[in-house]
Amino acid sequence: MKRVPSEITFGYKILEIPTLAEMGIPLAGLSDVVFDSETENWSNPESCWIDRGEPILSYSIINYSNAKKTMFSFMNDPVNTEKYEITAPISGIFTKIYHQRTQEYSLNFDTGLQYQWTKIFGFPVILIPNEEPLPEHHNFYVYDEISSHFYYNFDAILIRDQHSVNPERLRSYIERKESGTRQQYLNWLNEIKQRESSNFRNYKIREISEEDKELVNNIQQLRAKDLQLRNKLAHIARDFGESI
């Protein structure tokens with residue numbers, strides 16, 4: 001990431017990077033979400049600009065190599081990890097909104113294990129420059145691949161219950177759960193099976209509103225540290241925030 005080019009101007013439009021659930025993948029909580037290391041510095045005015053095609057975040061999904069335990073599983077139960085990278089569909093000012101649009105994402109415990117339903121920060125937002133071309137569509141095919149991975153590896157997806165020390169296969173997990181929980185997972189599997197890729201081919205692009213208090217606060221942080229951004233983003237502060 002890099003600082004905002006001097007010739008760039010902004011209006012009020014933003015693009016929200018969708019969650020997996022918003023892309024029709026309700027098993028999102030069984031993936032691990034990691035922001036690209038470069039985007040961690042979004043609050044630094046010298047590194048808040050992202051070019052289209054640059055990585056934003058990645059999803060890692062872990063599943064056992066064998067759908068069922070073998071007699072040797074207690075000694076060696078190999079797993080596979082698939083990583084899916086999401087890139088910026090447009091260029092613009094990158095920021096993160098820390099209120100959450102869903103509760104389906106897990107924390108990275110550096111153990112390869114995930115808890116479902118863990119609340120973490122929300123997802124990226126990009127402030128769109130004036131005259132910016134339409135978004136790239138590459139990410140939509142990545143979401144299709146993630147959906148297929150969950151569907152074809154459903155039985156072997158690695159999961160750890162909040163109250164359990166050891167991980168297990170998703171199929172084993174739901175089979176020992178009460179009927180309501182078991183049916184919920186099967187419903188999610190069916191949603192993925194019925195998912196129509198053509199229904200998930202648009203990004204949410206909208207204008208900043210009075211409700212975007214955290215986004216405006218992030219913009220104000222950038223303006224406070226950089227005179228160039230102070231001027232470029234003055235209209236947002238004037239309409240939705242406090243003058244700096």
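The values are calculated or read from the model by the stated rules, or taken from the named source; none is laboratory data. Because the structure is a prediction, the values reported are computed rather than measured. We place every Cβ from the backbone using ideal geometry, glycine too, and count neighbours over all the protein chains shown. Just the protein is used for accessible areas: all its heavy atoms, side chains included, with ligands, DNA and RNA removed. Shrake-Rupley method; radii C 1.70, N 1.55, O 1.52, S 1.80 Å.
For a quick check of your reading of the model, give me the residue pairs whose first member lies in the stretch 46-61 and is closer than 16 Å to Tyr84 by Cβ and modelled with pLDDT of 90 or more, whose second is open to solvent by 50 Å² or more (accessible area, probe 1.4 Å) and not aromatic (Phe, Trp, Tyr), with beta-carbon atoms closer than 6 Å and at least 6 apart or on different chains.
From residues that are closer than 16 Å to Tyr84 by Cβ and modelled with pLDDT of 90 or more, the pairs are Pro55/Glu85.
For the stretch 182-196, how many residues are in contact with a helix residue (DSSP H, G or I) (Cβ under 7 Å, 6 or more places away or on another chain) and open to solvent by less than 50 Å² (accessible area, probe 1.4 Å)?
4
Just one of Asn218, Asn166 is among the polar types (S, T, N, Q) and open to solvent by 50 Å² or more (accessible area, probe 1.4 Å); which is it? Working first, answer last.
Values: Asn218 fails: open to solvent by 50 Å² or more (accessible area, probe 1.4 Å).
Result of the check over Asn218, Asn166: Asn166.
Out of (1) open to solvent by less than 30 Å² (accessible area, probe 1.4 Å); (2) within 23 Å of the chain's Cα centre (by Cα), the odd one out for Leu229 is which?
Looking at each condition in turn, Leu229 falls short on (2).
Just a yes or no: is a residue in the stretch 172-180 surrounded by 13 or more Cβ atoms within 10 Å (Cβ to Cβ) and β-branched (Val, Ile, Thr)? Can you show your working first?
Going residue by residue through the stretch 172-180, those that are surrounded by 13 or more Cβ atoms within 10 Å (Cβ to Cβ) are 172-174, 177.
With β-branched (Val, Ile, Thr) added as a condition, the list becomes 174.
Yes, the stretch 172-180 contains at least one residue that is surrounded by 13 or more Cβ atoms within 10 Å (Cβ to Cβ) and β-branched (Val, Ile, Thr).
Within the stretch 112-145, which residues are β-branched (Val, Ile, Thr) and modelled with pLDDT under 95? Show your work before the answer.
Going residue by residue through the stretch 112-145, those that are β-branched (Val, Ile, Thr) are 118, 120, 125-126, 128, 142.
The answer is Thr118, Ile120, Val125.
Any residue in the stretch 203-223 that is under 28 Å from His138 (Cα atoms) sitting within a Cβ distance under 8 Å of a residue that is polar (S, T, N, Q) and surrounded by fewer than 20 Cβ atoms within 10 Å (Cβ to Cβ)? List the pairs, counting only those 6 or more apart or interchain.
Asn218/Ser43
Going residue by residue through the stretch 65-77, is there one that turns out to be buried (at least 18 other Cβ atoms within 10 Å of the Cβ) and either in contact with a strand residue (DSSP E or B) (Cβ under 9 Å, 6 or more places away or on another chain) or not in a helix (DSSP H, G or I) (or both)? Explain how you work it out, then say what you get.
To start, the set of residues in the stretch 65-77 that are buried (at least 18 other Cβ atoms within 10 Å of the Cβ) comprises none.
Looking for residues that are buried (at least 18 other Cβ atoms within 10 Å of the Cβ) and either in contact with a strand residue (DSSP E or B) (Cβ under 9 Å, 6 or more places away or on another chain) or not in a helix (DSSP H, G or I) (or both), one finds none in the stretch 65-77, hence no.
All but one of (1) open to solvent by less than 30 Å² (accessible area, probe 1.4 Å); (2) modelled with pLDDT of 90 or more; (3) of a type in the set (A, V, I, L, M, F, W, C); (4) more than 30 Å from Ala88 (Cβ to Cβ) hold for Ala237, so report the exception by its number.
Failed condition: (4).
Which condition from (1) outside any loop (DSSP other than H, G, I, E, B); (2) at pLDDT 75 or above is the one that Pro18 breaks?
Result: Pro18 fails condition (1) only.
Might you check whether a residue that is under 30 Å from Leu229 (Cα atoms), surrounded by 14 or more Cβ atoms within 10 Å (Cβ to Cβ) and either of a type in the set (Gly, Ala, Ser) or touching a Leu at 6+ places or on another chain (Cβ under 6 Å) (or both) occurs anywhere in the stretch 197-215? It would help to see each step written out before you state the result.
Within the stretch 197-215, the first condition is being under 30 Å from Leu229 (Cα atoms), and the residues that meet it are 202-215.
Checking the rest, the ones that are also surrounded by 14 or more Cβ atoms within 10 Å (Cβ to Cβ) come to 203, 205, 208, 212, 214-215.
Going one step further and asking which of them are either of a type in the set (Gly, Ala, Ser) or touching a Leu at 6+ places or on another chain (Cβ under 6 Å) (or both), we end up with 203, 205.
Checked the stretch 197-215: at least one residue is under 30 Å from Leu229 (Cα atoms), surrounded by 14 or more Cβ atoms within 10 Å (Cβ to Cβ) and either of a type in the set (Gly, Ala, Ser) or touching a Leu at 6+ places or on another chain (Cβ under 6 Å) (or both).
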